[in-house]
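Laboratory data are not the source of any read-out in this text; all were calculated from the coordinates shown. None of these values were measured; they are calculated from a predicted model. All Cβ positions, even for glycine, are placed from backbone atoms using ideal geometry, and neighbour counts span all protein chains on display.
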Amino acid sequence: MNPVIRAQGLARRYGSTVALDGVDLEIPAGRIVGLIGPNGAGKTTALKAILGLGPFEGQLEVLGLDPRRQRAELMQQVSFIADVAVLPRWLRVRQALDITAGLHPHFSREKAEAFLAQTEIKRDSKISALSKGMVTQLHLALVMAIDARLLVLDEPTLGLDIIYRKEFYRALLNDYFDGERTILLTTHQVEEIEHILTDLLFISHGRIVLNESMDALGEKFLELATRPDRAEEARRLAPLSERQGLGRHHFIFEDRTRDELAPLGEIKVPGVADLFVAKVRRAAS
Amino acid sequence: MKQMMTLVRRELIENRSGWAVPAAFGALFVVAALAAVFGLVRVGVMDQSMTLAEMGQELDPSSIYPALLVLFMPIAVVLVVAMTFVVFFYFLDALYAERKDRSILFWKSLPVSDLQVVGSKYLTGVAAIPALTVGVFLVTAFLVWLIGGLALLWAGSGAALQGGPAALARATAIMVYMLLVQVLWFVPVHGWLLLVSAFARRAVLGWVLAPPALLIVAEKILLGTRHFADTIGHRLIGGFQLAFSNEQHAMIMESDGAVMSSFPALGEFLTPGRFLAAPSLWAGIAVGVVFLAGAVWLRRWRDES
């Protein structure tokens, strides 16, 4: 089966700044991919290229289409939420449903109504009168009612409180994801999404520094917690990173077996956030 | 087709002034007609003035039809002028507002091309808003005629009621002609507005006015001529000079105690042949199409988020 996204040498410069530095990438169908990177790493630039919102160099195919030349066709099968609060504020909820139904051939009004029925959003409200959380719920209801093959979410929960954030991802996973669609998302709150991801992409300085499935992550990366007196032995195994906690030294290792590390202390699979910091620091140095 | 209808509807939801401003002017005419009927306002003809009821009795029955046209045409002209300003500001905002409030990212997530979107905005300004204005005119003129006609009937003459539909049809035809002339003549003006609306980061009105103003000043200083200023002036009013005969006038006059009114025949009054044969019309359309294409290109590739 063809990958949903295939990029080769994807690059973009803003003046002298290199935002994307030759990214090679393949994302197959049916994955939930987290694109994680520090500010200015090229996340949004990459998403914009994929969505045909900006120019780029190199090769890029999304669902077999060229986002530069075939954008309108592409948008029939790709939906995205660029950011919170970009729904037009002068629109009423009912009109937003009417217009999306009038413009999108794969939009199911019944589905959108069903999602909205679970919220407190009134059909006659203006979007400007809704809270930020409600606007996001509405946007999600519109997007989830579109039968798309790829959904791209760029910081979809930025500025939302924890209840809405949890609800957002719960709805996405339970009501939308069906194992065939592909979801590509970025967020700063990595901890909140690591349990729903199937794949992890780290990006730093315009380059992909990690591209692993979550299943493979536990085999490739291990976190070791040692007592201070054994720290020196651990350092000799060339850890990716080291940090100190309550009477323990924590190391993250790449490509070390459990047998190698077990004698030194306790082993677990590192959290995505810690792994991210380790990988990005390593890539930067 | 369904998409285009939806896009135009979206524009009319966002820009309610498209029909609200003409409707407000229409309402003023209806109020004025009521005021005239109740004798609050006197209608002036030459140096005399009379109430509408007096005027109705003195009016020659054969000139009731032109009199009604003379009554309807100012309504049409005022509505067209009001609409011209509404459309000006609509185009100014059309591709700017969605960038300013960042809702462009939502619109771009829907499967419509930038050509369709800019096309829908252009159509809203040159077809939907003018059509609504014609609708407002029909309602306004009908009410004014009904109010005046019933008042004259009560004063003893049914002539005004009989002449109404024909005069209304004629006035509407002239108004539609005026609008068509304006749409064709203003292609470069509207194109320029949409181009700037897609381009400017702020101060859209300034970007609209500054380049032509600077060109005029630069030409004056460097060459001492004013060709560009003349071109702009021609662009603003020249179309109407070409499309309407300047020898024919509508009038109401009083002679020997009877009020006479005349209105030129359409064949003499309207000069579509001269308008369509003018090279400056087609040159303007060509420039306008380039501006519109630029607006589409900017909406497609402008990346400022």
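If you take the charge dipole of the protein assembly as shown about its Cα centre, with +1 on Lys and Arg Cβ and -1 on Asp and Glu Cβ, which of B:A76, B:V189, B:G163 is farthest toward its positive end?
The residue sitting most towards the positive pole is B:V189.
Which whole-Hz couplings ³J(HN,Hα) result when phi for each residue of segment A:205-215 is put into the Karplus expression 6.51 cos²θ - 1.76 cosθ + 1.60, θ = phi - 60°, listed in order with x for Gly and Pro?
Those phi angles translate into 6, x, 10, 7, 9, 7, 9, 9, 7, 4, 5 Hz.
Please provide three numbers in whole Å: the alpha-carbon extents of the protein assembly as shown along the principal axes, with the largest listed first.
123, 62, 43
Which far-off residues, 5 or more places away or on another chain, put their amide H under 5 Å from the one on B:K108, with H placed in the peptide plane?
none
Rounded to the nearest 5, what % of the DSSP beta bridges within segment A:5-205 are antiparallel ones?
Values: 16 of 32 bridges.
Once the DSSP bridges in segment A:5-205 are tallied, antiparallel ones form about 50 percent.
State the antiparallel share, in %, of DSSP beta bridges confined to the protein assembly as shown, rounding to the nearest 5.
Within the protein assembly as shown, antiparallel bridges account for around 75 percent of the total.
Roughly how big is the protein assembly as shown's charge dipole about its Cα centre, with Cβ charges of +1 (Lys, Arg) and -1 (Asp, Glu), in debye to the nearest 20? Let's see the in-between values first.
On the way: 57 positive and 57 negative charges, 138 e Å.
The dipole of the protein assembly as shown has a size of about 660 debye.
List the residues of segment A:1-26 whose backbone N lies under 20 Å from a point placed 7 Å from the Cα of A:K220 along the Cα-to-Cβ direction.
In segment A:1-26, the label zone of A:K220 (backbone N under 20 Å from the point 7 Å along Cα→Cβ) covers A:3-10, A:21-26.
What is the dipole size for segment A:15-130, taken about its Cα centre, with +1 at each Lys and Arg Cβ and -1 at each Asp and Glu Cβ, in debye to the nearest 20?
Dipole size: approximately 560 debye.
Which of A:L237, A:I208, A:L116 sits closest to the plus end of the dipole of chain A, meaning its Cα is farthest towards the positive end, when Lys and Arg get +1 and Asp and Glu get -1 on the C-beta?
Checked the options; the winner is A:L116.
Which of A:P156, A:L130, A:T182 sits farthest toward the positive end of the charge dipole of segment A:5-205, with +1 on the Cβ of Lys and Arg and -1 on the Cβ of Asp and Glu?
It is A:L130.
Compute, for chain A, the length of the dipole vector about the Cα centre, with Cβ point charges of +1 (Lys, Arg) and -1 (Asp, Glu) only. Units Debye, rounded to 20.
In debye, rounded to 20, chain A gives about 860.
Considering amide H positions built from the backbone, and no H for Pro or chain starts, which residues 5 or more places from A:L210, or on another chain, come under 5 Å of its amide H?
The list, which skips near neighbours in sequence, is A:F202.
Which whole-number percent gives the relative contact order of segment A:156-285, counting Cα pairs below 8 Å spaced six or more residues apart?
Once divided by the residue count of segment A:156-285, the mean separation gives 24 percent.
Compute the separation of the alpha-carbon centres of segment B:88-140 and segment A:146-193 and state it in Å as a whole number.
About 32 Å separates the Cα centre of segment B:88-140 from the one of segment A:146-193.
Per-residue HN-Hα couplings for segment A:224-232, Karplus 6.51 cos²θ - 1.76 cosθ + 1.60 at θ = phi - 60°, whole Hz, x for Gly and Pro?
The phi angles translate into 10, 10, 10, 6, x, 6, 9, 4, 4 Hz.
Taking segment A:143-214, which GluC sites (Glu not before Pro) meet the DSSP loop condition and have no more than 13 other C-beta atoms within 10 Å?
A:E180
Below 8 Å between Cα atoms, with a sequence gap of 6+, how large is the relative contact order for segment A:5-205 in percent? Mind dumping the intermediate values first?
Working: 346 pairs, mean separation 63.6, N = 201.
Here the relative contact order equals 32 percent.
Two-decimal Rg/Rh of segment A:216-284 from alpha-carbon positions, Kirkwood Rh? Walk me through the numbers on the way to the answer.
Values: Rg = 10.9 Å, Rh = 11.8 Å.
Ratio value, two decimals: 0.93.
Report, as an integer, the average count of C-beta atoms from other chains found within 10 Å of each Cβ along B:98-105.
Averaged over the peptide's residues, the number is 5.
Let me have the 222 nm mean residue ellipticity of chain A computed from DSSP H runs of 4+ only, each contributing -39500 (n - 2.57), with the sum over all residues rounded to the nearest 500.
Rounded to the nearest 500, it is -8500 deg cm²/dmol.
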